[in-house]
Amino acid sequence: MFSFIGEDRRHSRAFIAFIVYITLFLDNMLLTVIVPILPDYLVHFYSQSNTSFTIPKSVIYKHFDLHYVPQLIGATTGNVSPKNFTTSEQHVSFESENGSIGILLAVKALVQLICNPIVGNVSTKLGYSIPISFGTLNLLLASVIFAFGQSYASLFVARAIHGVGSACVCVCGMSLVAQLYTEPDKRSKIMGTILGSIAVGVLIGYPFGGIAYDIVGKAAPFQILTVLCFVVLLVQCFCLDFSFRHQSSSVVADEGHSKWIPLLTDRLILVVIGAIWISTSAMSILEPCLPLWMISVLHPKKWQLGTVFIPDSIGYWIGTNFFGGIAYRFGQIKIAILALTLVGVSCVVIPSATSVFALLLPHFGLGLGIGILDAALVPLLATMVDSQCGSDNESDICETSPNYGAVYAIQQIAVSLAYSLAPILGGELVPLIGFPWLMRAMGLLNLLYGPLLVYSGIRESVRCMLEKRSAMPLTSVEFAHTDGSYRRFYNAVE
């Protein structure tokens, strides 16, 4: 079998981690490369299918979220001009197109939200390599459909396929890295670096899509992504281990069900997942609401609307790449509390900006805080799974090969919920309380979650975890090392 893992896992795991990095990079690049392309394409599509209708700006402003709003406003402010409709005609047209565009843009997040727990269960039987390659194949298919699709239905199918692929590569990609890097210090550093691929994909996707679309046409950027996905898929076929776990169906079923209950009832894991959710919600609320607030208050230039979110991507990249090892050294929970504080302060400061340039620093702080928090807590989830498996006397399989798919499925569910629900809630709350108070409330929630909920929940949960583990004999050096890392973690909280 063509596999580096089977012969020398220690020497090949860095390359496997690189494969995961590139796969996640392509996933996020596909997410953002369509941003400068889709508005113009939809305008032409609807103008050809219905010559009496031109997409109004309000439709585009309202529904393009998750990195879509800023570029869309920049791309359409000068090109889209609604025709003079009567009130009744305008209402009917707006309502019908609002529904179709909203469904198109929501389907990816919705499909990913549904597929996350499914992928977590499937990984129990198939391992992580097969779902990763299946997800990469879905990214390839989505790129092909985006490149050659000429109808609304084709875009809908491509977005749905992309959602399936994202669920596979995000859940199983991080799980595979957690399985390869069992040392908590190296795991924290490597997983933080891999999380940085999200920011890199976002930063490159915007200009790449716009430049390629402007010079060559709609199909060109997706054709390039198709080639890249195909190359990565070939590399995966030769480098990943696609062997099944040798377990009976009854054992797999029991293990699959038993994985979720301890995770969903563990107060420590729930508090960590909650921290990831509440920090991500701050960004997901900001993205669809900030551009409209800028237009009404700051009166920015068109290019400023398209670049205002760049500092948070840079901050996220710095946070994930450089703070994974720092978080492990000084205490992952302590660093996470500081990161939540930074996110909260940034949210409070953003509405106080009096110019576009005054937004750069709080935007950078927001991205940096979320990046630091992810670099601290995402590796910690794998360490908590190790602890649960090590304390399970009746599960030899779990002891020798922990399954991280369930916990990272839960983490991805939290992220998907943040990007699905938070923009909707933000859109409804802005007319009621205004954008400034919405962001201040979001900042206050992050500030309160850090020092109060996280600290109290973590301290009690870690104490119970240590008491459980102290009653077990240390049967190996690795087990003793893990126990020592937990004691250091607990001391860091103190």
- For region 266-372, list the helices (runs of 4 or more DSSP H) that sit wholly inside it and hold at least 3 residues that are under 21 Å from the mean Cα position of the chain (by Cα) and hydroxyl-bearing (Ser, Thr, Tyr); which are they? 267-293, 310-322
- Message: Quick check on region 405-424. Is at least one of its residues at pLDDT below 90, of a type in the set (Phe, Trp, Tyr), buried (at least 24 other Cβ atoms within 10 Å of the Cβ) and closer than 27 Å to Ile132 by Cα?
- Response: no
- Message: For the structure I just gave you, tell me whether Leu140 is open to solvent by 10 Å² or more (accessible area, probe 1.4 Å) and at pLDDT 95 or above.
- Response: yes
- Task: Test Ser296 against the criterion of being among the small types (Gly, Ala, Ser) and modelled with pLDDT under 90, and give yes or no.
- Result: yes
- Message: Can you list residue pairs whose Cβ atoms sit under 9 Å apart, with the first residue in region 298-314 being open to solvent by 30 Å² or more (accessible area, probe 1.4 Å) and the second being modelled with pLDDT under 75 and outside any helix (DSSP H, G or I)? Count only pairs 6 or more apart in sequence or on different chains.
- Response: Lys302/Thr77; Lys302/Gly78
- Message: Residues that are under 28 Å from Gly426 (Cα atoms), at pLDDT below 80 and part of a helix (DSSP H, G or I): does region 199-206 have at least one?
- Response: yes
- Message: Checking the condition open to solvent by 20 Å² or more (accessible area, probe 1.4 Å) and either in contact with a Cys (Cβ under 8 Å, 6 or more places away or on another chain) or over 16 Å from Leu30 (Cα atoms) (or both), which residue from Phe242, Phe208 passes?
- Response: Phe242
- Query: So, of the residues in region 425-470 that are aromatic (Phe, Trp, Tyr) and open to solvent by 40 Å² or more (accessible area, probe 1.4 Å), which turns out to be modelled with the lowest pLDDT?
  - Reply: Tyr455
- Which condition number does Asp241 fail, the rest of (1) closer than 30 Å to Gly325 by Cβ; (2) in contact with a helix residue (DSSP H, G or I) (Cβ under 7 Å, 6 or more places away or on another chain); (3) in a helix (DSSP H, G or I) being met? (3)
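The values are calculated or read from the model by the stated rules, or taken from the named source; none is laboratory data. Since we're looking at a predicted model, the values are computed, not measured. Note that we place each Cβ from the backbone using ideal geometry, even for glycine, and neighbour counts take in every protein chain shown. Areas reflect the complete protein model, heavy atoms only, side chains present, ligands, DNA and RNA absent. Shrake-Rupley method; radii C 1.70, N 1.55, O 1.52, S 1.80 Å.
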